[in-house]
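The values are calculated or read from the model by the stated rules, or taken from the named source; none is laboratory data. Here the structure is a predicted model, which is why all the values come from computation and not from measurement. Neighbour counts run over all protein chains shown; Cβ positions are idealised from the backbone, glycine included.
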Amino acid sequence: MRTTSLRIDRARCIGAGMCALTAPEVFDQDPDDGRVLLLHAEPPTVHRAAAQMAAGVRPSGAITLHEPESTGS
Amino acid sequence: MSESLHTVTTLPATRQSDCPFDPPAELIDARRHGPISRYTHPGGIPGWLITGYDLVRSVLADSRFSSRKDLLNVVDFEIPPAPPGEFLLMDDPEHRRYRKPLMGKFTVRRMRLLTERIEQVTADRLDAMEKAGPPTDLVTAFAKPIPTIVICEILGVPYEDRGSFQQQIDTFMGGEVSDEELIAAYTATQEYLAQLVAAKRANPTDDVLSELTDSDLTDEELKGISLVLLAAGFDTTANMLALGTFALLQNPAQLAALRADPALTDGAVEELLRYLSVAKTFMRTALEDVELGGQTIKAGTTVVLSYHTANRDPERFADPHVLDLRRQEAGGHLAFSHGIHQCLGQQLARIEMRVAFRALVDRFPTLRLAVPAEEVALRPETADIFGVKSLPVTWDKAES
């Protein structure tokens with residue numbers, strides 16, 4: 001099975017909103033403190049590319065992406 | 001690298017007049033030699049200049065590099081620490097203590113809720129331009145008032161105070177006044193903000209500053225935070241709007257594409273951010289010896305990070321000096337920085353630019369410069385934020 005899974009570290013998050021901007025189906029921001037909320041730890045295929053892009057642009061390292069080999073990114 | 005290390009002695013004072021949107025030739029040349037160059041700070045103090053995308057990004061993400069103002073090793077005298085609340089020039093945990101209560105106030109969702117209001121502010125400016133008729137200075141008629149009104153509303157600056165307030169901030173952000181004038185404008189702004197914070201604490205209204213009086217931050221700290229939000233909140237966006245319009249007018253095929261296709265707007269904003277990088281350079285100081293690009297940055301040495309050349313790095317962006325609103329990879333730009341200091345207000349800036357550029361190109365299909373391009377007055381490179389001082393534009397009347 002090839003599943004992309006995401007992990008967030010809210011303590012590192014700086015609330016820049018890059019994830020919620022890039023992949024709104026996968027990430028949101030807590031309305032009180034602005035920090036990342038993970039809506040899908042294992043995003044469905046249609047949202048996977050956006051989730052990968054969000055993990056790539058995140059500024060403070062609060063999002064990590066775990067992918068089985070050869071998914072590419 | 002076998003070639004000898006490239007050396008840049010001072011940051012150039014001006015750009016090539018034939019292409020005001022490109023970084024100064026010396027900086028492009030430095031990047032061509034490699035992502036890191038030796039550099040001499042103004043006080044004759046040795047440092048480094050980083051011009052490559054990957055290296056700039058890695059320094060910004062590296063906690064061994066400090067943002068602290070008092071650690072800057074660029075002049076031969078001591079620099080005091082950042083005043084309370086000016087968290088751009090602090091490291092964690094101090095930086096985080098200030099940023100944390102602000103993070104929930106600038107989220108993607110909360111900023112989107114402002115879209116309608118920003119559309120109204122923009123339409124009001126366009127109506128005023130149309131009523132007054134061409135020609136006009138786009139900076140004073142459009143680019144400055146929109147972000148000024150918006151950030152003043154977010155913070156809760158009363159309407160009647162906005163004009164004088166913008167004037168003061170212009171003075172100390174413009175990079176062109178004497179030290180005395182600069183200090184006077186800075187002091188006046190500080191005094192005004194101190195009064196504003198006290199007023200919000202006494203009589204909270206529906207705005208971010210009033211909300212923040214409910215935190216553990218002192219009045220002195222709130223004053224510093226307000227100054228950061230105001231200065232960062234309109235000078236940057238104002239310069240992006242004016243310089244961005246200038247860049248679009250100088251690239252008519254791109255402007256026509258944007259006008260024809262509203263779906264291009266969001267990508268156009270990202271590409272303009274990349275291409276123009278109005279916040280050109282920032283600095284970091286090494287807290288310990290760090291290996292970087294094959295060089296050792298000694299502890300205590302300050303590096304200059306050129307966001308503009310990083311955003312024009314051919315190893316990251318194909319044909320980097322071309323403005324291409326359809327560019328797919330523009331979203332990876334460093335115009336809002338990277339790492340823990342990445343712009344808090346970037347989602348607000350994006351919406352302001354999306355709304356304002358869209359409305360401007362829709363309203364004036366024949367918008368054009370009212371003077372030859374080489375006569376458009378540019379801010380000096382010494383200004384923290386690059387831009388045009390004024391942008392004379394005209395259009396055919398009785399259209400729209």
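Numbers below:
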read-out	value
Check on B:Phe77, among the hydrophobic types (A, V, I, L, M, F, W, C), in contact (Cβ under 8 Å) with a residue 60 or more places away in the chain and outside any helix (DSSP H, G or I)	no
Which numbered condition A:Glu67 misses (of (1) of a type in the set (Asp, Glu); (2) under 21 Å from B:His95 (Cα atoms); (3) in contact (Cβ under 8 Å) with a residue 60 or more places away in the chain)	(2)
The range A:39-61 residues that are under 17 Å from B:Ala330 (Cβ atoms), paired with ones that are assigned to a helix (DSSP H, G or I) and among the hydroxyl-bearing types (Ser, Thr, Tyr) (beta carbon under 7 Å, 6 or more apart)	A:Ala50/A:Thr22; A:Met53/A:Thr22; A:Ala54/A:Thr22; A:Val57/A:Thr22
Output for the range A:20-53, where each listed residue is within 24 Å of B:Ala61 (Cα to Cα), more than 9 Å from every other protein chain (Cβ to nearest Cβ) and buried (at least 20 other Cβ atoms within 10 Å of the Cβ)	A:Ala23, A:Val26, A:Phe27, A:Val36, A:Ala51, A:Gln52
Any chance B:Ser63 is at pLDDT 95 or above and either crowded, with 16+ Cβ neighbours inside 10 Å or in contact with a Phe, Trp or Tyr (Cβ under 9 Å, 6 or more places away or on another chain) (or both)	no
One residue from B:Arg38, B:Arg32 being within 14 Å of B:Thr302 (Cβ to Cβ) and out of contact with any Gly (no Cβ under 6 Å at 6 or more places or on another chain)	B:Arg38
Hits in the range B:361-372 (condition: in contact with a strand residue (DSSP E or B) (Cβ under 9 Å, 6 or more places away or on another chain) and assigned to a loop (DSSP other than H, G, I, E, B))	B:Phe364, B:Thr366, B:Leu367, B:Ala370, B:Val371
Boolean, B:Gly300 is in contact with a helix residue (DSSP H, G or I) (Cβ under 8 Å, 6 or more places away or on another chain) and not in a helix (DSSP H, G or I)	yes
Wholly within the range B:232-295, helices (runs of 4 or more DSSP H) carrying at least 3 residues that are of a type in the set (D, E, K, R)	B:265-276
Criterion (away from every other protein chain (no Cβ under 14 Å) and farther than 25 Å from B:Asp54 by Cβ) met by exactly one of B:Leu378, B:Leu348	B:Leu378
Failed item, numbered, when B:Pro93 is tested on (1) buried (at least 20 other Cβ atoms within 10 Å of the Cβ); (2) within 14 Å of chain A (Cβ to nearest Cβ)	(1)
Identity of the residue in the range B:231-249, under 20 Å from B:Met90 (Cβ atoms) and crowded, with 23+ Cβ neighbours inside 10 Å, that ends up modelled with the highest pLDDT	B:Thr236
Hits in the range B:100-120 (condition: touching a helix residue (DSSP H, G or I) at 6+ places or on another chain (Cβ under 6 Å), among the charged types (D, E, K, R) and at the interface with chain A (Cβ under 9 Å from one of its Cβ atoms))	B:Lys105
Residues that are closer than 19 Å to B:Leu255 by Cα and surrounded by 13 or more Cβ atoms within 10 Å (Cβ to Cβ), drawn from the range B:389-400	B:Leu391, B:Pro392, B:Val393, B:Thr394, B:Trp395
Flag if B:Thr382 is of a type in the set (Val, Ile, Thr) and either part of a helix (DSSP H, G or I) or under 18 Å from B:Thr236 (Cβ atoms) (or both)	yes
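Listed here are the residues, each with its yes/no results for (1) in contact with a Ser or Thr (Cβ under 6 Å, 6 or more places away or on another chain); (2) free of Cβ contacts under 8 Å to residues at least 60 places away in the same chain.
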site: B:Leu264; (1), (2): no, no
site: B:Gly267; (1), (2): no, no
site: B:Leu272; (1), (2): no, no
site: B:Tyr275; (1), (2): no, no
site: B:Lys280; (1), (2): no, no
site: B:Met283; (1), (2): yes, no
site: B:Leu292; (1), (2): no, no
site: B:Lys298; (1), (2): no, yes
site: B:Thr301; (1), (2): no, no
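Residue-by-condition table, conditions (1) buried (at least 18 other Cβ atoms within 10 Å of the Cβ); (2) part of a helix (DSSP H, G or I):
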residue: B:Ser37; (1), (2): yes, no
residue: B:Asp54; (1), (2): no, yes
residue: B:Arg57; (1), (2): yes, yes
residue: B:Pro101; (1), (2): yes, yes
residue: B:Ala123; (1), (2): no, yes
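Listed here are the residues, each with its yes/no results for (1) in contact with a strand residue (DSSP E or B) (Cβ under 9 Å, 6 or more places away or on another chain); (2) modelled with pLDDT under 95; (3) of a type in the set (Gly, Ala, Ser); (4) in a helix (DSSP H, G or I).
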position	(1), (2), (3), (4)
B:Glu315	no, no, no, no
B:Ala330	no, yes, yes, yes
B:Leu348	no, no, no, yes
B:Ala359	no, no, yes, yes
B:Glu374	no, yes, no, yes
